[in-house]
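Worksheet: the structure to be examined is printed underneath.
The values are calculated or read from the model by the stated rules, or taken from the named source; none is laboratory data. Everything numeric here is computed off the predicted structure, so don't read it as measured data. Note that we place each Cβ from the backbone using ideal geometry, even for glycine, and neighbour counts take in every protein chain shown. Surface accessibility is based on the protein's heavy atoms, side chains included, excluding ligands, DNA and RNA. Shrake-Rupley method; radii C 1.70, N 1.55, O 1.52, S 1.80 Å.
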Amino acid sequence: QVHLVESGGGLVQAGGSLKLSCAASGRTLSYFSIHAMGWFRQAPGKEREFVAAITWGAFSTSYTDSVKGRFTISRDTALNTVYLQMNSLKPEDTAIYYCAATTDSSRYRRMEYEYWGQGTQVTVSS
């Protein structure tokens, strides 16, 4: 199985920046390669939503409209790590941010990631 650990969350004032990291590990990665990793977030009282994703083979990124121009997703394939640089943070960005990974291109297309981290809290004050 693949184990994901997020880090980098915290408290920041509106307009500030944070960088999240998520490292993947596990025996599964000895046999299957990561196809994509992504970030999701869930605010209190809201459904979990997609934030950004990046593929591991050909370079491809995607973002939800609300973070375009402010967030940047990147990867380090040697470390099986994905990052989310968050700039110009807004109070509405406050949420638990979850890292996800898939080794399956079909799951990626369906946004059905099979591996999930425990989440890291991001709080943006006004």
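So, in region 69-83, exactly how many residues are assigned to a strand (DSSP E or B), open to solvent by less than 60 Å² (accessible area, probe 1.4 Å) and polar (S, T, N, Q)?
Within region 69-83, the subset assigned to a strand (DSSP E or B) is 71-76, 81-83.
Checking the rest, the ones that are also open to solvent by less than 60 Å² (accessible area, probe 1.4 Å) come to 71, 73-74, 76, 81-83.
This time we only want the ones that are polar (S, T, N, Q), so: 74, 81.
Residues that pass the stated criteria total 2.
Only one of (1) under 21 Å from residue 4 (Cα atoms); (2) free of Cβ contacts under 8 Å to residues at least 40 places away in the same chain is not met by residue 58, so which one is it?
Result: residue 58 fails condition (1) only.
So which of 106, 88, 66 ends up being closer than 20 Å to residue 126 by Cβ, assigned to a helix (DSSP H, G or I) and open to solvent by 30 Å² or more (accessible area, probe 1.4 Å)? Give the steps one after another, and end with the answer.
Values: 106 fails: closer than 20 Å to residue 126 by Cβ; 88 fails: assigned to a helix (DSSP H, G or I).
Answer to the check: 66.
Out of 11, 4, 20, I need the residue that is of a type in the set (A, V, I, L, M), surrounded by fewer than 21 Cβ atoms within 10 Å (Cβ to Cβ) and either modelled with pLDDT under 95 or in a strand (DSSP E or B) (or both). Which one? Outline the logic, then answer.
Working: 4 fails: surrounded by fewer than 21 Cβ atoms within 10 Å (Cβ to Cβ); 20 fails: surrounded by fewer than 21 Cβ atoms within 10 Å (Cβ to Cβ).
Result: 11 is the single residue among 11, 4, 20 that is of a type in the set (A, V, I, L, M), surrounded by fewer than 21 Cβ atoms within 10 Å (Cβ to Cβ) and either modelled with pLDDT under 95 or in a strand (DSSP E or B) (or both).
Kindly indicate whether any position in region 91-112 is touching a helix residue (DSSP H, G or I) at 6+ places or on another chain (Cβ under 7 Å), in contact (Cβ under 8 Å) with a residue 60 or more places away in the chain and among the hydrophobic types (A, V, I, L, M, F, W, C).
No: zero hits.
Look at region 27-57 and say how many of its residues are at negative phi, in a loop (DSSP other than H, G, I, E, B), at pLDDT below 95 and open to solvent by 80 Å² or more (accessible area, probe 1.4 Å).
Of the residues in that region, 4 qualify.
For region 91-103, how many residues are exposed (fewer than 14 other Cβ atoms within 10 Å of the Cβ) and under 12 Å from residue 2 (Cβ atoms)?
Number of matching residues: 0.
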